[in-house]
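Step one of this worksheet: look at the structure below.
The values are calculated or read from the model by the stated rules, or taken from the named source; none is laboratory data. All of these numbers come straight from a predicted model, not from anything done at the bench. Counting neighbours? That spans all protein chains shown, and the Cβs are built from the backbone with ideal geometry, glycine included. Side chains are part of the model used for accessible areas, which takes the heavy atoms of the whole protein and leaves out ligands, DNA and RNA. Shrake-Rupley method; radii C 1.70, N 1.55, O 1.52, S 1.80 Å.
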Amino acid sequence: AFAAMVAGGVWVARSHLKDAFRKAFRGDPAVDDSAEILPYRVAVLGLLLSALFILLWLNAVGVSLPASLLLLLSVSVIYLGLTRIAVEGGLVFVRSPLVPQALPLYTLGPASLNGSTMAGLALSYGWACDPIAIFMPSGANAAKIHSDRRFPRGTYVTAVALALTVSLAVSFYASLKLAYAFGGFNFGEWVFTGGGRVPYDTMVQKTRAAEG
């Protein structure tokens, strides 16, 4: 049902997406992207290059191509669906029905996945895990404000880049400083205690179950 909702949204937007790709690759003058946050060419090429980078990263850590493609599809569907639900429902955050790794794991089966793929899927939890508070809903809300207020092009990208840079720098510094001062395990937070072991424990359990 979740995937069907996302597929339906993409289908409804097919004309707009077709215009964006036509503008990006053919420079069609009939398609006006002057009021958009980014030129369509930048947006489309950025999307494709980002997907390629993810696939290359997964390949570098040993994940097979079929598993990589399914993981990328799963992440895309989950992130798009969560963003729509959070934005249209007025929610702060929402939890996905499954973690992204479930699609390649259960579609291909642990018995058909080698050790490097299983280890690589465990490592992928670092950037695609249980996406409760992902950036996309905030980015979509900010894009809506940008469109309604008709800010000059570049304002959105500059503001988002500055916010991400400051927030990441402050959170990394504070986490490391407090962790070295008091010990991360003493925080009592899930990500500093049991959460870090879950991806690896899960993959070990699935591998042993497949071998049994």
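Things worth noting here:
- Area accessible to solvent at Glu88, 1.4 Å probe radius, in Å²: 140
- Relative intensity of segment 29-171 on a log10 scale, I(q)/I(0) at q = 0.15, 0.21 Å⁻¹, equals -0.91, -1.33, per a Debye sum over C-alpha point scatterers of equal strength in the absence of solvent.
- Potential lengthening of the chain between Trp190 and Arg41 amounts to 49.6 nm, from the contour at 0.36 nm per residue minus the alpha-carbon distance.
- For segment 197-205, 3J(HN,Hα) computed residue by residue from phi via the Karplus equation (6.51, -1.76, 1.60; θ = phi - 60°) reads 8, 4, x, 6, 4, 5, 5, 5, 5 Hz, glycine and proline entered as x.
- Axis of helix 14-26 versus longest Cα principal axis of the chain: the two differ by about 80°, to the nearest ten degrees.
- A Förster radius of 45 Å combined with the Cβ-Cβ distance from Phe182 to Ala60 puts the calculated FRET efficiency at roughly 0.85.
- Treating r as the C-beta distance of Val12 and Val92 and R0 as 30 Å, the FRET efficiency rounds to 0.70.
- Using the Karplus relation 6.51 cos²θ - 1.76 cosθ + 1.60 with θ = phi - 60°, the per-residue 3J(HN,Hα) values for segment 42-50 come to 5, 5, 5, 5, x, 5, 5, 5, 5 Hz, with x marking Gly and Pro.
- Euclidean distance between Cα centres, segment 158-208 to segment 26-46, Å: 37
- Compared with the direct C-alpha span, the chain from Ala133 to Phe53 gains 26.5 nm at full extension, assuming 0.36 nm per residue.
- Rounded to 0.05, the FRET efficiency of the Thr165 and Leu69 pair, given R0 = 30 Å and the Cβ-Cβ distance, is 0.45.
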